[in-house]
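The next block holds one structure in the form of structure tokens; read it before the comments.
The values are calculated or read from the model by the stated rules, or taken from the named source; none is laboratory data. The structure displayed is predicted, hence computed values, not measured ones. Positions of Cβ are backbone-derived with ideal geometry, glycine not excepted, and every protein chain shown enters the neighbour counts. Side chains are part of the model used for accessible areas, which takes the heavy atoms of the whole protein and leaves out ligands, DNA and RNA. Shrake-Rupley method; radii C 1.70, N 1.55, O 1.52, S 1.80 Å.
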Amino acid sequence: MTPGQQRAWDRSWERLGADLADLAPGGRRADLLDDGGRLAPGAWFGRDADLRLEIGSGMGETTAALAAAEPEADHVAVEVYPPGLGQLLMRIEAAELTNLRLLRGDAVVVLRDRVAPDSLAGLRVFYPDPWPKRRHHKRRLVQPETVALMASRLRPGATLHLATDVADYADRMREVTDAEPRLENPHGGFAPRPAWRPRTKFETRAEAEGRPSRDLLLVRRAGNGGS
Ligand SMILES: C[S@@+](CC[C@H](N)C(=O)[O-])C[C@H]1O[C@@H](n2cnc3c(N)ncnc32)[C@H](O)[C@@H]1O
């Protein structure tokens with residue numbers, strides 16, 4: 001971490017962040033869980049509001065901008081990379097955001113163990129690691145099993161939003177989400193780029209280099225269980 005990120009961490013992590021390892025019944029942050037061992041956002045945010053979760057917030061540019069743009073909702077960013085979390089803490093402090101909390105750990109485990117089925121009002125995955133080599137594609141986050149898990153954590157009518165600038169990953173995301181019975185694609189394919197998704201330097205550069213971004217906006221269907 002840079003000195004600035006470290007200072008923000010020392011000032012604010014305890015208040016605004018939690019480690020997945022501490023988020024267990026009997027664990028150091030069991031106060032953030034309900035009786036079933038799932039995240040209780042009301043206990044963390046001090047209010048009841050729609051909860052949107054982001055997987056892989058990176059340096060947090062988009063995360064902080066969207067939390068500021070949606071003050072009526074609460075937001076949790078899950079990330080494994082401490083400098084990114086430190087940077088996001090700096091953004092939260094600078095913008096005085098009260099509706100964003102950070103979780104350090106593997107988002108797949110967070111979803112599986114700590115997020116109640118049918119609970120999220122939205123789930124976002126922006127520019128997940130591309131793993132460009134074919135033999136590494138199995139490491140990509142968007143796979144049938146993880147998409148099934150993501151869909152199960154959304155409540156009916158809630159949105160899963162995926163974006164990437166990697167053409168073959170975008171096609172695969174479409175294939176995988178098309179095959180997931182809990183999800184419906186109201187656009188029938190890639191969605192027009194939502195104007196409200198902040199345009200980062202990364203996206204602008206990718207576009208200039210011939211890699212336009214693709215957005216997928218999927219809606220959780222009613223029914224189909226949620227285990
Ligand atoms: C390519 S970056 C994109 C960051 C950000 N979404 C953006 O648009 O700039 C992908 C991020 O996902 C994080 N990541 C990858 N797998 C993850 C996982 N299983 N759980 C949480 N974060 C993860 C990485 O640490 C990295 O910061």
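Tell me the per residue accessible area of the chain using a 1.4 Å probe; a whole number in Å² is fine.
On a per-residue basis, 48 Å².
Say R0 is 41 Å: what FRET efficiency, to the nearest 0.05, do D10 and A195 get from their beta-carbon distance?
The calculated FRET efficiency here is 0.65.
Between A121, T164, L39, whose Cα lies farthest towards the positive end of the dipole of the chain when Lys and Arg beta carbons carry +1 and Asp and Glu beta carbons carry -1, centred on the Cα centre?
It is T164, whose Cα lies furthest towards the positive end.
Looking at segment 162-227, which chymotrypsin sites (Phe, Trp or Tyr not before Pro) are in a loop (DSSP not H, G, I, E or B) and have at most 12 other Cβ atoms within 10 Å?
W196
Mean residue ellipticity at 222 nm from the helices of the chain, using -39,500 (n - 2.57) per DSSP H segment of n ≥ 4 over the full residue count, to the nearest 500 deg cm²/dmol?
One gets -9500 deg cm²/dmol as the mean residue ellipticity at 222 nm.
Just to confirm my numbers, what's the Cα centroid distance between segment 151-196 and segment 1-40 in Å?
So the separation of the two Cα centres works out to 30 Å.
What is the calculated FRET efficiency for A95 to R28, with r their C-beta to C-beta distance and R₀ = 25 Å, to the nearest 0.05?
0.35
Can you divide the C-alpha Rg of the chain by 2.2 N^0.38 Å and report the result to two decimal places?
The reported ratio for this selection is 0.99.
Give the Rg (one decimal place) followed by the Dmax (whole number) of segment 1-124, computed from C-alpha coordinates and expressed in Å.
Considering segment 1-124 through its Cα atoms, Rg and Dmax are 13.3, 40 Å.
Let me have the relative contact order for the chain, percent, based on Cα pairs under 8 Å that are six or more residues apart.
It rounds to 18 percent for the chain.
To the nearest 20 Debye, how big is the dipole of segment 166-211 about its Cα centre, given +1 on the beta carbon of each Lys and Arg and -1 on that of each Asp and Glu?
320
Pop the C-beta distance of D50 and E209 into the FRET formula with R0 = 35 Å and round what comes out to the nearest 0.05.
The pair D50/E209 has a calculated efficiency of 0.45.
From the phi angles alone, apply the Karplus equation (6.51, -1.76, 1.60; θ = phi - 60°) to segment 45-56 and give each ³J(HN,Hα) in whole Hz, x where the residue is Gly or Pro.
For segment 45-56, the Karplus curve yields 9, x, 7, 9, 8, 4, 10, 10, 10, 10, 9, x Hz.
In debye, nearest 20, what is the charge dipole magnitude of segment 85-227 about its Cα centre with +1 on Lys and Arg Cβ and -1 on Asp and Glu Cβ, if you could check?
240
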